[in-house]
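Have a look at the structure below, then the notes.
The values are calculated or read from the model by the stated rules, or taken from the named source; none is laboratory data. Given the structure is predicted, the values throughout are model-derived calculations rather than measurements. Backbone-built Cβ (ideal geometry, glycine too); neighbour counts: all protein chains shown. Ligands, DNA and RNA are stripped out before the accessible areas are found, and what is left, the full protein with its side chains, is counted by its heavy atoms. Shrake-Rupley method; radii C 1.70, N 1.55, O 1.52, S 1.80 Å.
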Protein chains: 2
Amino acid sequence: MTRIPAADRRSALVRAALRVVADRGVAQATTRAIVAEAGMSLASFHYAFQSRDELMVELIRHVVDEEATAVLPEAPIEDADGRGERESLRQILRAGLQRYADHVSGDPLREKAMLELTQYALRSPELHHLAVAQYERYHSLAAEALDTAARQSGSVWLHPVGEVARLLVSLTDGLTIAWLVDRDDSATAKLLDVTADSVAALGRPA
Amino acid sequence: MTRIPAADRRSALVRAALRVVADRGVAQATTRAIVAEAGMSLASFHYAFQSRDELMVELIRHVVDEEATAVLPEAPIEDADGRGERESLRQILRAGLQRYADHVSGDPLREKAMLELTQYALRSPELHHLAVAQYERYHSLAAEALDTAARQSGSVWLHPVGEVARLLVSLTDGLTIAWLVDRDDSATAKLLDVTADSVAALGRPA
DNA sequence: TCAATAGTGGGGCAGTTGACCCAGTGCACA
DNA sequence: TGTGCACTGGGTCAACTGCCCCACTATTGA
């Protein structure tokens, strides 16, 4: 009988739930499945959480937080003094897209889980705002990355960066789904090339 | 006791199931809910279908077929003799994107259902190939539309049209999700502008 | 006209689900 | 050291799920 503070159990259960959702899907993420994954008893679950729904809220919050930090830190490091080689906007975009694609293919199940959780949130009035917050964060992250890319390449965007950001997020979402469906790596690689071209066309040298 | 041939019941059940999935989600599409929606008894369900899974297969097949015919017929009619006004590639793309966006906002629940069903298929080994077929069809539909757009505007694509098609499908998928999440019509309108610009940049006058 | 058959309906079954209860147990703090 | 309480485990519950059974009935076609 290992005694664990309720707060610790909460986070352990959230992590276990994420594994279950990734491996088997939201529908199979029953309290029992989660509890088994975490190696706990059912009672511990309901001691830590009032209900399964409460866990789901926490789970979505958790993945949103993680996703935000997962892609961002790998963003290109900006030259402090600007004396380094200047990459073209297209090159920077292409590299960023590659990082994202690697992130996805590095853990496909996680990405599948993210999409499922978004859909799940979209079905529940109480959770909908979490999905909205998730996408607001995506958009601002993308805007930030695009700002950096423009600065690094000495370019300016021909549209408000927020609009380009929405384009970028839509693109990454879409290519994620397409890849999850057909796992066509070579098609995706070419898609990244095309994407970099088309997005880069939205900027011009300053 | 209205007697209905099993084949008719099958399609009635499939249509009822689609309504239930759209309104309440895949998880709530229980045999009882579907049967209630169709106004039948539970026994009729299992007379028409061996199992719920069999219905889901049929349902996915059905929506894939429908989706294909839903967007295509609205595609721009090509000038038979080519003497008409030539629209720019960008204009044609923008108009096509608008049609798609209208299609989505015209029936948001349907689109949500499509996405959920794709995810559902992605979770089942037996259904996965249906999702693959679905996206193959999307891609070829997009390629066809892009070909037409290029011809109509007297342009050529700088990349193989299949690659641009994958970009277009990714884009539409992504913007659908974003809109389903935040329902931001003005952001979407601007996104369509930006998208048309960036995709049009992948073509040049022939 | 009358059997064979396609289709119907209600009741029921076993398995799974989320949630709960409560007697017990180890830990922290006095 | 002891006492209060956070925490545990196992058993239980009602609701819901997909599926099945079987007596019954309308329809068909010989």
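Please specify each residue of the stretch B:164-190 satisfying the condition of being touching a helix residue (DSSP H, G or I) at 6+ places or on another chain (Cβ under 7 Å) and open to solvent by 40 Å² or more (accessible area, probe 1.4 Å).
Passing the criteria: B:182, B:190.
With the requirement that a residue be part of a helix (DSSP H, G or I) and within 8 Å of another protein chain (Cβ to nearest Cβ), what does the stretch A:189-206 give you?
Residues satisfying the conditions are A:190, A:191, A:193, A:194, A:195, A:197, A:198, A:199.
Which count do you get for residues in the stretch A:39-55 that are near DNA strand D (Cβ under 10 Å from one of its atoms) and surrounded by 19 or more Cβ atoms within 10 Å (Cβ to Cβ)?
Residues in the stretch A:39-55 being near DNA strand D (Cβ under 10 Å from one of its atoms) and surrounded by 19 or more Cβ atoms within 10 Å (Cβ to Cβ): 3 in total.
Return only the number of the condition from (1) open to solvent by 70 Å² or more (accessible area, probe 1.4 Å); (2) within 13 Å of DNA strand D (Cβ to nearest atom) that residue B:19 does not satisfy.
Evaluating residue B:19 over (1) open to solvent by 70 Å² or more (accessible area, probe 1.4 Å); (2) within 13 Å of DNA strand D (Cβ to nearest atom) leaves (2) as the failure.
Name every residue in the stretch B:139-149 that is open to solvent by 10 Å² or more (accessible area, probe 1.4 Å) and either more than 12 Å from chain A (Cβ to nearest Cβ) or in contact (Cβ under 8 Å) with a residue 60 or more places away in the chain (or both), in order of residue number.
Once the filter is applied, which keeps residues that are open to solvent by 10 Å² or more (accessible area, probe 1.4 Å) and either more than 12 Å from chain A (Cβ to nearest Cβ) or in contact (Cβ under 8 Å) with a residue 60 or more places away in the chain (or both), the stretch B:139-149 yields B:140, B:141, B:143, B:144, B:145, B:147, B:148.
Scan the stretch A:150-161 and tell me whether some residue there is crowded, with 21+ Cβ neighbours inside 10 Å, more than 8 Å from chain B (Cβ to nearest Cβ) and under 29 Å from residue A:59 (Cβ atoms).
no
Just the residues that are open to solvent by 30 Å² or more (accessible area, probe 1.4 Å) and within 14 Å of chain A (Cβ to nearest Cβ), please, taken from the stretch B:111-138.
B:120, B:123, B:125, B:128, B:129, B:132, B:133, B:136, B:137, B:138 - these are the residues of the stretch B:111-138 that are open to solvent by 30 Å² or more (accessible area, probe 1.4 Å) and within 14 Å of chain A (Cβ to nearest Cβ).
For residue A:115, are the conditions met, namely being within 17 Å of the chain's Cα centre (by Cα) and under 22 Å from residue B:116 (Cβ atoms)?
yes
I'm trying to understand the selection: among the residues of the stretch A:1-47, which are more than 10 Å from DNA strand C (Cβ to nearest atom) and over 27 Å from the mean Cα position of the chain (by Cα)?
Within the stretch A:1-47, A:6, A:39, A:40 meet the criteria.
With a cut-off of at least 1 residues that are within 14 Å of chain B (Cβ to nearest Cβ) and touching a residue at least 60 places away in the same chain (Cβ under 8 Å), name the helices (runs of 4 or more DSSP H) lying wholly within the stretch A:1-63.
Correct list: A:6-24.
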